[in-house]
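Engineer: Got a structure here, written out as structure tokens. Questions coming.
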Amino acid sequence: NSKDEPKVKELHECGHCGKVVKRRGDLTAHIRIHTGERPHCCDYCTNAYARKGDLVRHMQLTHTGDCPYSCDHCGSVFAKKFQLVKHMSVHKGEHPYSCDHCGSTFKEKRSLAKHMITHTGEYPYSCSYCGHGFALKGDMVIHTRRIHTGERPYSCEHCGSAFKDKYTLVVHLRSHTGERPYSCDHCGSTFKGKRSLAKHMITHTGEYPYSCSYCGHGFAAKGDMV
């Protein structure tokens, strides 16, 4: 009797990569990773997301309550001042951090810290395992986890994948949200992370900006050389 036969749940397969999910809605959201579609747009800033849940989470974290801080460039509004300051970095030409020695300016505090080594010759943080020196404490921690301990303290709330540093987790999360905030000035291609953009740029420039002082091997991103 057909009534006695157990129901077989229909599975949905992605035509791009073969991934199988249980719900059609999950498949629709997953396919947007491949297409780059982000239909859920924030009414307060320029962010857009593949999943409605990611938009809701963004709204709760960034725009809850009063939003007194607004961007003069694009009109985006934020609840906290630090969120506006962080947002401003997306507008090209901003270099709020300056060097007291030579006047060079930088978009990020970490870039200024690395630049200061050219003046002082000092690496304030060193690895307790191998003695390698670093300009930033965060870089030393990442190096220790990547090379020596294998620790992966950052995990993805969507799929459980674990990572050695927060940056890699943030880039990974974009595979779920569909966000690709870095774009190529030459061809308009978009990427989830700075490293991917840096590697892509080689197809236009043919240059590897970072080279190993021991063997001369070239790298697109400094983090890959460490």
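Throughout, read-outs are computed from the coordinates displayed, never taken from laboratory work. All values reported here derive from a predicted model rather than from experimental measurement. Please note: Cβ atoms are built from the backbone with ideal geometry, for glycine as well, and neighbour counts cover all protein chains shown.
Engineer: Add +1 for every Lys or Arg and -1 for every Asp or Glu among the other residues with Cβ under 9 Å from the Cβ of residue 145, and state the total.
Structural biologist: +1
Engineer: What net charge do the residues around residue 162 carry, taking every other residue with its C-beta under 15 Å from that of residue 162, with Lys and Arg at +1 and Asp and Glu at -1? Walk me through the numbers before you get to the answer.
Structural biologist: Numbers: positive: 145, 146, 152, 164, 166; negative: 151, 157, 165.
That sum, taken over residues with Cβ under 15 Å, equals +2.
Engineer: Between residue 186 and residue 102, 0.36 nm times their residue separation minus their Cα-Cα distance comes to what? List each step's numbers first, then the result.
Structural biologist: Numbers: separation 84, 0.36 × 84 = 30.24 nm, distance 3.05 nm.
Extra length available between residue 186 and residue 102 comes to 27.2 nm.
Engineer: As an exercise, use a Förster radius of 22 Å and the Cβ-Cβ distance of residue 162 and residue 57 to find the FRET efficiency, rounded to the nearest 0.05. Spell out each step's value before the answer.
Structural biologist: Working: r = 20 Å, r/R0 = 0.92.
That gives a FRET efficiency of 0.60.
Engineer: With a point put 7 Å past each Cα toward its Cβ, work out how far residue 123 is from residue 111 in nm, to one decimal.
Structural biologist: For the pair residue 123/residue 111, the computed spacing is 2.2 nm.
Engineer: Find the relative contact order for the stretch 69-120 and round it to a whole percent, using C-alpha pairs within less than 8 Å whose residues are 6+ positions apart.
Structural biologist: Value for the stretch 69-120: 21 percent.
Engineer: So for the pair residue 86, residue 70, with labels modelled 7 Å out along Cα→Cβ, what separation do we get in nm?
Structural biologist: In this crude spin-label approximation the distance works out to 2.2 nm.
Engineer: Return the whole-Å distance between the Cα centroid of the stretch 175-210 and the Cα centroid of the stretch 37-71.
Structural biologist: So the two Cα centres are separated by 24 Å.
Engineer: Out of (1) 1.07; (2) 1.04; (3) 1.00, which label holds the value of Rg/Rh (Cα atoms, Kirkwood Rh) that was computed here?
Structural biologist: Checked against the structure: label (2).
Engineer: Counting Lys and Arg as +1 and Asp and Glu as -1, what is the net charge of the other residues whose Cβ lies under 13 Å from the Cβ of residue 50? Let's see the in-between values first.
Structural biologist: On the way: positive: 32, 38, 51, 52, 57, 174, 180, 192; negative: 26, 37, 54, 179.
Summing Lys/Arg as +1 and Asp/Glu as -1 gives +4.
Engineer: How far apart, in nm, are the 7 Å Cα→Cβ label points at residue 137 and residue 204?
Structural biologist: Going from the residue 137 label point to the residue 204 one covers 3.7 nm.
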